[in-house]
Amino acid sequence: MPIRIDRLHPAVKHGAYSATAVLPGESRAEFEKLHRDLIAECAPSGVLEDDIVMTIARLVWRKQNLTTLRIAKLAELRRGAIRSEKLDTVFYRPADPVKHEEQIQAAEDQARKELGETYELSKVGEAATFDGLTKELEIQERLDAAIARCIKQLLMVRGVKSVTAAPPSEIPKRITGPSKAA
């Protein structure tokens, strides 16, 4: 069954939420302070180092806020239970689409009221789950490995260029030790 993008939380549609980013109910200001502290500690220089420090900030943040993923899962389960209680049908197309939409709205209203601040977490979807975090980290690891290979190639090419671009007078002469005949 395809995921309907119009049913997803707006931030999910636009990629604003990820399992390693700030999720609903978490403090963006606290995350930004953590990021600033890491910048002060690591003193990044350049785009690559800035990206590495941001990745560290997101991972440290998620490690410090793992409870959010547990809360999100419980909120998602409760929201699903409320929807199941309110809807006449789950697996087939309803006979009366208008009534069905009214039931969905009633379920969402009840879930919003019952879940309070955690309601937004229940709408984020897979991004706010341990599975979502695992998938995201696997993708990040693959991207980091690809970036590392590119950096290695870049450094190798720069090294070759620096040796071949040096005038002969700057190329170090071979140092020889004492002869064996002496």
Potential lengthening between residue 28 and residue 114 on full extension [0.36 nm per residue; Cα-Cα distance subtracted]: 28.5 nm
Tensor-based shape of region 89-150 (alpha-carbon gyration tensor, a/c under 1.5 rounded, otherwise prolate or oblate): prolate
Separation of the residue 48 and residue 164 label points, Cα + 7 Å toward Cβ, nm: 2.0 nm
Ranked by how many other beta carbons lie within 10 Å on average, peptides 18-24, 62-68 from highest: 18-24, 62-68
Tensor-based shape of region 19-150 (alpha-carbon gyration tensor, a/c under 1.5 rounded, otherwise prolate or oblate): prolate
Residue 95 versus residue 153: modelled label distance in nm, points set 7 Å from Cα along the beta carbon direction: 6.3 nm
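Laboratory data are not the source of any read-out in this text; all were calculated from the coordinates shown. Every value quoted in this text rests on a predicted model; they were computed, and no experiment measured them. Please note: Cβ atoms are built from the backbone with ideal geometry, for glycine as well, and neighbour counts cover all protein chains shown.
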